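Everything on this sheet refers to the single structure shown next.
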Amino acid sequence: KHRVAAVCVKMSSSGTRRRAASVPDTDTDDGEPAVTLKKEIGLLSACGIIVGNIIGSGIFVSPKGVLENCSSVGLALIVWTLTGVITAISALCYAELGVTIPKSGGDYSYVKDIFGGLAGFLRLWIAVLVIYPTNQAVIALTFANYALQPLFPSCFPPERALGLLAAVCLLLLTWINCFSVRWATRVQDVFTTGKLLALCLIIIMGVVQICKGHFYWLEPEHAFHPLQPYDMGRIALAFLQGSFAYAGWNFLNYVTEELIDPYRNLPRAIFISIPLVTFVYVFANIAYVTAMSPQELMASNAVAVTFGEKLLGVMSWIMPISVALSTFGGVNGSLFTSSRLFFAGAREGHLPRLLAMIHVNRCTPIPALLFTCISTLLMLCTSDIYTLINYVGFINYLFYGVTVAGQIVLRVKEPDLHRPIKVSLAWPVIFLIFWAFLLIFSLYSEPVVCCIGLAIMLSGVPVYLFGVYWENKPKSFNSFVAKLTHLGQKLFMVVYPDYKNMESCQHGNVCNLGVNGNNGLLCYITHILHPAFMLDKDNKTRPELC
């Protein structure tokens, strides 16, 4: 038999090897290293991913939602603090799952491995169809709105200008992510630092206000004075809105395979990032009420901008620019992590295989990134973005609970499984109690919205039955899909390096490689890509590809 190898290993002058493609670092049976995504995310970048994805526009724009439902400043601050504690607990549960099931894809991978393919596919379906495209579109539009605000001080920017700038933002960040993982993480680090500095400015101004004696709404008798009667249902909604403000805490789990020393850096990044975000959120809200009354805060559509106008004077432009920079970094972080989710789904056979392929030199999942970008650009063309987010917000939170419940199920089903991190079962139980409390009140408060969200999720069942469960599809259909995949490979110079099952190359050579590279070799790249990719200008075989 021909000995075939995949995206081949280039030997440099120093004798080191460079790899290009898919899953954990392992070796094949014949001593060849299995191809893998580069591990380029260190502890600092890991913290940047968590903090950068959690802190978007919410803390700058609309803390009023929590205050409106809490009815008092004191209770709102308690909600922000408790929500941060619950977020830390859920992140600890995900940390155990992340090192027990060390695959990229986050909760999708965990749900699929624990509860089966259909449950995992439904998680992926709702993310692909609505969650990530809509969230990225909204964040990009928020960036455009605040970036253009200084140019339109007395009116709203034109909708076409907003859409165009949002699209430019998405295209630029997609290109950066396609070009280099290192560039993408550096962008994330820089803009995360920028948004933290902006929030530090808000907190420092709040401290100055307190030193001047402006703390009327922080005194206990005033802080807990209800602006309207307390209502348990509204308080539950305040917790739900606070939880959405912390959304993004689980995004590091989507890129586990690219994390340097994940057994140490995954929990470390969580221990650093979640308390930092909680501190920033609580003290930013304290700063806001030193300059504004609760009524002024609830009347503002952009709290940080109103805060800056009151305290910064001619320098008030800093706040809208800070929001724009924060959201720009938020778009980058969302593109980076969501593309890895789609990459993981394609690798498991739940999305087209082209999305699980990686550029032969840059080691970036270009097809998954382009798919993410295109779906987001399509969302920019619809006027129902916010409606869709309301529908699927309930489902997104539902799967958080399902994933944490999976941690308990895994402990029961496989008690002897190696767990580099093992948290007390009290933590997932506490989270699930809180989670059930929020879901019950969500169903009670907005039953129609929640049911529509469930319907959108269940629409993925027939798609799963046709696309995944039905394996014996007509040969003509499989041939058509194979041709499209081959065309995509030639266009993007990408290769799928991790074949889980017995596969046939286009030239008839049989290749077999499991997840850990245990049963054979990868398909030789010349059987996959156009021959021109393998030849240099003198029509000689390029050694770096063979």
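Numerical summary
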read-out	value
Criterion (in contact (Cβ under 8 Å) with a residue 12 or more places away in the chain and part of a helix (DSSP H, G or I)) met by exactly one of Ala247, Ala236	Ala236
Members of the stretch 255-282 that are on the phi < 0 side of the Ramachandran plot and not in a helix (DSSP H, G or I)	Leu259, Ile260
Subset of the stretch 150-193 [free of Cβ contacts under 8 Å to residues at least 40 places away in the same chain, more than 13 Å from Ala324 (Cα to Cα), assigned to a helix (DSSP H, G or I) and open to solvent by less than 40 Å² (accessible area, probe 1.4 Å)]	Ala161
Some residue of the stretch 280-295 being without any contact (Cβ under 8 Å) to a residue 12 or more places away in the chain and in contact with a helix residue (DSSP H, G or I) (Cβ under 8 Å, 6 or more places away or on another chain)	no
Test: residue in the stretch 100-120 that is charged (D, E, K, R), open to solvent by 30 Å² or more (accessible area, probe 1.4 Å), within 18 Å of the chain's Cα centre (by Cα) and within 30 Å of Asn265 (Cα to Cα)	yes
Scan of the stretch 427-468 for residues that are open to solvent by 70 Å² or more (accessible area, probe 1.4 Å) and in contact with a Leu (Cβ under 8 Å, 6 or more places away or on another chain), ordered by number	Trp427, Leu458
Pairs, first of a type in the set (Val, Ile, Thr) in the stretch 416-427, second open to solvent by 70 Å² or more (accessible area, probe 1.4 Å), C-beta under 8 Å, six or more apart	Ile421/Tyr263
Members of the stretch 415-474 that are under 26 Å from the mean Cα position of the chain (by Cα), in a helix (DSSP H, G or I), farther than 30 Å from Leu266 by Cα and among the small types (Gly, Ala, Ser)	Ser442, Gly453, Ala455, Gly460, Gly467
Qualifying residue in the stretch 377-397 (condition: among the polar types (S, T, N, Q) and under 20 Å from the mean Cα position of the chain (by Cα))	yes
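Table: residues versus (1) of a type in the set (S, T, N, Q); (2) modelled with pLDDT under 90.
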| residue | (1), (2) |
| --- | --- |
| Thr100 | yes, no |
| Gly106 | no, yes |
| Val111 | no, no |
| Gly116 | no, no |
| Ala119 | no, no |
| Val128 | no, yes |
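The values are calculated or read from the model by the stated rules, or taken from the named source; none is laboratory data. Predicted, not measured: the structure shown is a model, and the values here were computed from it. Cβ: placed from backbone, ideal geometry, glycine included. Neighbour counts: every protein chain shown. Only protein heavy atoms, including side chains, enter the accessible area calculation; ligands, DNA and RNA are left aside. Shrake-Rupley method; radii C 1.70, N 1.55, O 1.52, S 1.80 Å.
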